[in-house]
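Step one of this worksheet: look at the structure below.
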Amino acid sequence: MNINKAIRYYIVLFSYVLTFAACHARLFPQSGNPNLMGQCTRASLLQAPFNSWFVKNYDDYPVDSLTAGRLRASLAGKRFRIFMGTWCSDSRREVPRIFKILDYCGVDSSAIQLVMVSESDPTYKQSPGHEERGLDIFRVPDLIVLDQGREIGRIIESPVVSLEKDLFTLTQGEAYTPRYPGAGTLIKVFREEKIGEIEKDLPALAARIKPLVRSSGELNSYAHVMRSAGETRKADITLKINALIFPDQK
C-alpha cells in the first residue's frame with residue numbers, strides 16, 4: 001500500500017469511527033449484511049453501504065409542499081422518535097422520506113431520536129439500549145410524535161394517506177388510526193386490563209379484533225415481539241386470539 005492510499009484508508013477509517021462512536025450505533029452482520037444497531041444519527045445513514053438507498057430515496061421523494069407548508073407550524077416544539085431497521089425495506093423507503101419532510105418543515109436534528117432495531121432472534125425489534133421498551137414497537141419504521149414528552153400519535157410502517165397528511169392529522173389532534181389497528185387494539189387492552197381478566201373471555205376479544213385485521217401476520221408479528229421481550233403470557237394470548245380469528249391457518 002503506497003503512502004497516498006494509506007492516508008486515504010485511515011481518513012475513511014477515522015470518519016467511520018467518529019460517525020459510529022458519536023451516535024452510539026454499532027454495525028452487526030444480519031442476514032449476511034451489515035446493519036446498524038442502537039441509537040444513531042442521520043450521519044451513519046450517509047455512510048456506505050446505507051447511503052446507496054438513503055440518498056436516492058431522499059432525493060426522489062417529492063414533498064407535498066402545500067400540506068407541508070401547513071404542517072410546519074404544527075411540528076414546532078414537537079419531538080420525534082424513529083425506530084427502524086437498516087435491514088427493512090419499509091424503513092429504507094419511508095425513513096429518508098420522513099427526514100426530507102422534517103427538513104422541509106425546519107425541524108432541528110436535536111428533536112429527532114433515531115433508533116435501529118434487530119431482525120434476529122432473540123432480540124427481535126429490540127435495540128441494545130432497549131429504547132423500544134414499553135413502546136410496543138412491532139412493525140418498523142415506527143415514527144412516534146411527542147409533545148412535551150407525551151406521545152400524541154405515531155405512523156406505523158407506512159402512512160395511511162401520506163406522510164405529510166398523516167402527520168398533519170395527528171398533530172392537529174384529530175382522530176388518527178395508524179396501520180395495524182388490530183394489534184393496536186390488543187396493545188390498548190393489555191395496557192388497560194389485567195391479564196387474568198383478558199384470559200377469561202378470549203373469544204369475545206377475538207370477535208372485537210377480527211374486523212380490524214387483514215391477515216394472521218399482523219398478530220403473529222406482535223406475538224413474536226412479545227415473546228422476544230420475555231412477555232410470554234401476552235404472546236400466548238395473542239396467538240390464541242389469532243387462532244380464533246384465522247382457524248384454518250396453522
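The values are calculated or read from the model by the stated rules, or taken from the named source; none is laboratory data. Note that this is a predicted model, so its numbers are computed, not measured. FYI the Cβ positions are ideal-geometry reconstructions off the backbone, even for glycines, and counts take in every protein chain you see. For the accessible areas, the whole protein counts, side chains as well, though only heavy atoms, and no ligand, DNA or RNA atoms are used. Shrake-Rupley method; radii C 1.70, N 1.55, O 1.52, S 1.80 Å.
Contact order, relative form, for the chain: 16 percent (alpha carbon pairs under 8 Å, 6 or more residues apart, mean separation divided by residue count). With protein chains left intact and a 1.4 Å probe, residues in region 129-191 average 43 Å² of accessible area per residue.
The amide H of Asn35, built 1.01 Å from its N in the peptide plane, has Phe28, Gln30 as neighbours under 5 Å, considering only residues 5 or more places off or on other chains. Relative to the longest principal axis of the Cα atoms of the chain, helix 232-245 runs at roughly 60 degrees.
As a test, work out the antiparallel percent of DSSP beta bridges whose residues both lie in the chain, rounded to the nearest 5.
Around 75 percent antiparallel, to the nearest 5.
Extension gain, Arg93 to Ala207, is 37.6 nm, computed as 0.36 nm per intervening residue step minus the present C-alpha separation.
Quick check: at a probe of 1.4 Å, how many percent of the accessible area of the chain sits on carbon and sulfur atoms? List each step's numbers first, then the result.
On the way: 6910 of 13120 Å².
Using a 1.4 Å probe with all protein chains present, the chain comes out at 53 percent carbon and sulfur.
List the GluC sites (Glu not before Pro) within region 172-204 that DSSP assigns to loop and that have no more than 10 neighbouring Cβ atoms inside 10 Å. Spell out each step's value before the answer.
Numbers: sites: Glu174, Glu192, Glu193, Glu197, Glu199; in loops: Glu174, Glu193.
In loop regions of region 172-204 (DSSP not H, G, I, E or B), the sparsely surrounded GluC sites (Glu not before Pro) are Glu174.
Quick check on my link table: of Lys188/Lys234; Lys194/Lys240; Lys200/Lys240; Lys188/Lys210; Lys56/Lys78; Lys100/Lys165, which ones sit more than 19 Å apart, alpha carbon to alpha carbon? Too far apart for the 19 Å limit: Lys56/Lys78.
When the helix-only estimate is applied to the chain (DSSP H runs of n ≥ 4, each -39,500 (n - 2.57), divided by the residue count), what is the mean residue ellipticity at 222 nm, nearest 500 deg cm²/dmol?
Details: 11 runs with 123 residues, N = 250.
So the calculated ellipticity at 222 nm is -15000 deg cm²/dmol.
Helix 89-104 and the longest principal axis of the C-alpha atoms of the chain enclose an angle of approximately 70°. Note on region 117-250: Cα Rg divided by 2.2 N^0.38 Å, N the number of residues, gives 1.07.
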